[in-house]
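J.: Handing you a structure now.
The values are calculated or read from the model by the stated rules, or taken from the named source; none is laboratory data. Nothing here was measured: the structure is a model prediction, and the numbers come from that model. Using ideal geometry, Cβ is built from the backbone for each residue, glycine included, and neighbour counts are taken over all protein chains shown. Just so you know, the surface numbers come from the protein's heavy atoms only, side chains and all, with ligands and any DNA or RNA stripped out. Shrake-Rupley method; radii C 1.70, N 1.55, O 1.52, S 1.80 Å.
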Amino acid sequence: MFQQFQRRGRLAAIAAVTVTVALAATGCSSAGGGGEGGGEGGGDTTITFLPKNLGNPYFDTSNAGGQEAVEEFGGTFAEVGPTEATPTSQVSFIQTAAQQGTSALVISANDPTAIGDALQEARDAGTKVVTFDSDTDPEFRDIFINQASAEGIAKVQVDLIAEQIGDQGQVAILSASANATNQNAWIELMQEELEANHPNIELVDVVYGDDDDQTSFDRTAALLQTYPDLAGIISPTTVGIAAAARYLSTSEFKGQVALTGLGTPNQMREYVEDGTVTAFALWNPADLGYLAAYAAKALVDGDITGEEGDTFEAGKLGEYEVGADGVVLLGDPFEFNADNIGDFDF
Ligand code: RAM
């Protein structure tokens, strides 16, 4: 498991460079409005990746995994997306991709319902819809590729903060955008886990950095000012945890206020090495994008419809089965710390 994860991490890093070059070459920018096709592939199956927002290394890596898969099966890969992770910022990109006749959309939703009508119109026009990373309400998509169970993702973060603060004291959550389906599901389960198993930890606040670096940085500063006794911060977003770590690393709170959550090893490495952070978690975003692309192809080819029990081949990852509510599970979250972070490159 460890070896496998490590190897995929390196592959993902190589692919991430490829997608960046492809985006620059095609002039696919972060501008709002209509969508533009990204990298090139060939073939009749066009798979359009639509992240929450552009400029987030997590999505650069997941989209690179998607591109790798699309190139393997001879389709055409595209990536479009908004600059801001707001509830309706993805709507125009969905509409444009559908008008251009994309075979499938692979989307991480900023809101469970705000993009529902646009997705339904796209489906009526013949586009298959795969959500990955952050779901919509199930009625608006064919399949959701879930990175790990929401319970597992919640528990690993609570376990980490409990360990880091001696299982007692005040903690706060620095989340992504307020409507994000994935973060909100994890926060609810973290609250339940804290209440059930950590009576001496008090969750004092949940704040939102909107998956924007500066906003997340400012929210961190405000939390530390508002709660002078704060023992720890959980940030279940790669953008949030990196911004919070940057703030803490040059502040008087470094090493005093614990920080954990979900981060990419490349963004967190310097903060683990300088002692700001001891451990955090994530899955392999490249595998997530890769699996989502293969699921999209299986839908487009009519091999599956998204019914529970449907199975499909996902290249190097092997066979996957669709579970209840059209959900496909990638695997388990993975913990990164000073002992292993040097082995990863994404
Ligand atoms: C951010 C995004 C994404 C989430 C990761 C952990 O990059 O909010 O949706 O899955 O963090």
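J.: Can you name every residue in the range 57-93 that is out of contact with any Ser or Thr (no Cβ under 7 Å at 6 or more places or on another chain), small (Gly, Ala, Ser) and buried (at least 22 other Cβ atoms within 10 Å of the Cβ)?
T.: Correct list: 62, 65, 66, 69, 81.
J.: So which of 327, 272, 277, 300 is free of Cβ contacts under 8 Å to residues at least 60 places away in the same chain and either open to solvent by 10 Å² or more (accessible area, probe 1.4 Å) or within 16 Å of the ligand (Cβ to nearest atom) (or both)?
T.: Result: 277 is the single residue among 327, 272, 277, 300 that is free of Cβ contacts under 8 Å to residues at least 60 places away in the same chain and either open to solvent by 10 Å² or more (accessible area, probe 1.4 Å) or within 16 Å of the ligand (Cβ to nearest atom) (or both).
J.: For a quick check of your reading of the model, give me the residue pairs whose first member lies in the range 92-114 and is on the phi < 0 side of the Ramachandran plot, whose second is modelled with pLDDT under 95 and in a loop (DSSP other than H, G, I, E, B), with beta-carbon atoms closer than 6 Å and at least 6 apart or on different chains.
T.: Matching pairs, first to second residue: 92/33; 93/35; 96/34; 96/35; 97/35.
Matching residues to (1) buried (at least 19 other Cβ atoms within 10 Å of the Cβ); (2) closer than 18 Å to residue 247 by Cβ:
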| site | (1), (2) |
| --- | --- |
| 181 | yes, no |
| 190 | yes, no |
| 199 | no, no |
| 228 | no, yes |
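J.: Also, I was wondering about something else. Return the residues of the range 131-178 that are closer than 21 Å to residue 259 by Cβ and among the acidic types (Asp, Glu); say none if nothing qualifies.
T.: Within the range 131-178, 159, 163, 167 qualify.
J.: A further question follows. Which is farther than 24 Å from residue 286 by Cα, at pLDDT 95 or above and not hydrophobic (A, V, I, L, M, F, W, C), of 113, 131?
T.: 113
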